Amino acid sequence: MKALTWQGKGSVSVEEVPDPVIQEPTDAIVRITSTAICGSDLHLYEVLGPYMHKGDVIGHEPMGIVEEVGSAVTNLRKGDRVVVPFNISCGHCFMCGLGLQSQCETTQVKSKGSGAALFGFSELYGSVPGGQAEYLRVPHADYGPVKVGSELPDERYLFLSDILPTAWQGVEYADVPAGGTLAVFGLGPVGQFATRIGVQRGLRVIGVDPVPERRAMAERHGVETLDYGKGVADQLREMTAGRGPDAVIDAVGMEAHGSPVAGFAHQALGLLPDKLAQKAMETAGVDRLAALHTSIDAVRRGGTLSLSGVYGGTASPMPLLTMFDKQIQVRMGQCNVRRWTDELLPLVEDDADPLGVMDLVTHRSGLEGAPALYEKFQKKEDGCIKVVLNPGA
Ligand SMILES: NC(=O)c1ccc[n+]([C@@H]2O[C@H](COP(=O)([O-])OP(=O)(O)OC[C@H]3O[C@@H](n4cnc5c(N)ncnc54)[C@H](O)[C@@H]3O)[C@@H](O)[C@H]2O)c1
Ligand SMILES: [Zn+2]
Ligand SMILES: [Zn+2]
């Protein structure tokens with residue numbers, strides 16, 4: 001089959017790779033009809049490069065049609081249409097029982113000290129072949145895949161694989177009091193959905209992003225917006241009676257713009273041999289903390305900071321004095337996709353499309369267009385906000 005593979009830092013290509021086969025009784029094989037590119041794929045492209053191997057199949061936002069199931073998969077049949085969550089979870093361990101599927105004890109990548117295995121996400125998360133491919137082997141298919149209807153287009157359902165539950169969890173964790181104000185840093189796909197969910201819950205929502213077309217998209221959905229710049233925390237305070245928003249979601253992560261030494265740190269990481277770069281990534285921190293530090297500055301005293309954006313490193317400096325003094329609560333983590341999908345399914349199927357899932361995708365292509373679109377998405381060129389690939393097209 002054809003699949004998108006990682007070839008080196010900043011380089012991906014479509015290659016012919018062996019078709020996946022059933023390996024465990026709980027596996028299924030899914031023929032992929034739609035599969036999206038995520039902001040998290042950009043970390044593989046750059047910062048997580050040292051954990052990738054040439055030829056790794058990437059992608060973790062897939063959906064499609066079940067082609068084959070293992071003997072223990074009784075909930076699915078050939079021909080079913082499914083969305084595949086990006087974390088691989090068993091559904092019956094202690095963590096899954098708590099609704100912490102991203103910490104699944106059956107699939108945790110213990111050798112790396114990581115949580116649940118993820119599709120297409122480097123050796124840190126189990127080196128599981130990903131979903132930007134014609135076919136995908138889905139482990140624990142007796143629990144993970146979400147069965148969906150056959151009438152509506154793929155785009156109604158596709159974002160259940162990751163960004164919609166991620167945004168939902170971000171808003172849940174933000175825990176904004178009724179009628180309160182939520183600020184969202186980063187209006188990429190995750191931030192877009194987080195702001196819309198906030199609006200749908202009757203909150204005042206202010207989105208912050210340096211990219212004009214991303215702000216324009218948010219404004220279409222009832223969100224006030226601000227450009228990212230030095231004075232943004234002051235602006236947020238001015239808009240909220242001098243206190244700051246009740247909660248801030250950071251949907252930026254370690255690709256943030258505006259950190260002075262960031263470019264250098266990223267580049268330096270790119271120049272080191274893999275082993276050294278892994279060490280640097282684990283111990284040194286990523287130096288792209290502009291959005292995170294501004295979020296801490298902006299949130300009101302006693303407020304909540306909810307991190308959806310992914311960060312790394314143990315030496316990333318944090319303003320602990322301010323965090324303590326302001327009594328800020330911080331919640332974060334990889335999304336527990338299956339915890340939220342039952343609640344989200346009726347919303348994406350609703351005729352009125354209350355979360356605007358049909359207003360996100362800006363670029364579509366067959367698999368062969370993926371390398372060019374990775375670049376476009378990373379550089380935010382051509383109004384690119386969300387890319388969907390259709391491997392069968
Ligand atoms: N927690 C999870 O389970 C989970 C799931 C999916 C994605 N993510 C993470 O969420 C983050 C966002 O993902 P995405 O797909 O929306 O990607 P994205 O890269 O398109 O979005 C990031 C946005 O942040 C903006 N930005 C950059 N610097 C900024 C700054 N200083 N202030 C305000 N905005 C700034 C960019 O312009 C962009 O619009 C990534 O870190 C991704 O890895 C986490
Ligand atoms: Zn993703
Ligand atoms: Zn589990």
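Close amide H pairs (under 5 Å, H built 1.01 Å from N) link Y135 with I32, residues at least 5 positions away or on another chain. Taking amide H as placed 1.01 Å from N in the peptide plane, the amide H of L307 sits under 5 Å from that of D250, R331, M332, G333, each at least 5 places away or on another chain.
Counting DSSP beta bridges in the chain, what percent are antiparallel, to the nearest 5? Restricted to the chain, the bridges split so that about 55 percent are antiparallel. In a reduced charge model with +1 at each Lys and Arg Cβ and -1 at each Asp and Glu Cβ, the range 288-393 shows a dipole moment near 640 debye about its Cα centre. Rounded to the nearest 20 debye, the dipole size of the range 67-202 about its Cα centre is 140 debye, using +1 on the Cβ of Lys and Arg and -1 on the Cβ of Asp and Glu. Here D234 and E381 are evaluated by their C-beta separation; at R0 = 35 Å the FRET efficiency comes out at 0.65. When the chain is described by a simple charge dipole with +1 on each Lys and Arg Cβ and -1 on each Asp and Glu Cβ, the residue from G198, I37, L373 located farthest towards its positive end is G198.
Classify the range 309-377 from the C-alpha gyration tensor, please: rounded if a/c falls under 1.5, else prolate or oblate depending on whether a/b exceeds b/c. It comes out oblate by the Cα gyration axes.
Residue by residue, the range 84-101 carries 3J(HN,Hα) couplings of 10, x, 6, 8, 9, 9, 8, x, 10, 8, 4, 5, 4, x, 8, x, 10, 4 Hz when phi is fed to the Karplus relation 6.51 cos²θ - 1.76 cosθ + 1.60 (θ = phi - 60°); x denotes Gly or Pro. The lysines within cross-link reach of K2, meaning a Cα-to-Cα straight distance under 27 Å and a gap of 8 or more places when in the same chain, are K54, K78, K147, K376, K379, K380, K386. What's the FRET efficiency of A372 with D325 using the Cβ-Cβ distance as r and R₀ = 51 Å, to the nearest 0.05? With R0 = 51 Å, the Cβ-Cβ based efficiency is 0.60.
With Cα atoms as the point set, the radius of gyration and Dmax of the chain evaluate to 20.1, 61 Å.
The alpha carbon centroids of the range 84-125 and the range 34-64 are separated by 17 Å. Taking the charge dipole of the chain about its Cα centre, with +1 at Lys and Arg Cβ atoms and -1 at Asp and Glu Cβ atoms, the residue from T181, H293, Y51 reaching farthest to the positive side is H293. Each Lys and Arg contributes +1 and each Asp and Glu -1, all at the Cβ; summed about the Cα centre of the chain, the dipole is approximately 800 debye. Of all lysines in the structure, the ones whose alpha carbon falls short of 26 Å from that of K326, not counting any fewer than 8 places away in one chain, are K230.
Coupling constants for the range 43-52 follow from the phi torsions by the Karplus curve (6.51 cos²θ - 1.76 cosθ + 1.60, θ = phi - 60°), and in residue order they are 5, 5, 4, 10, 4, 8, x, x, 9, 9 Hz; glycine and proline get x.
All of the numbers you see were taken from the coordinates with simple rules; none came from a lab. Quantities reported herein were computed from a predicted structural model and do not represent experimental measurements. When we count neighbours, we look across all protein chains shown, and the Cβ atoms used for this are built from the backbone with ideal geometry, even at glycine.
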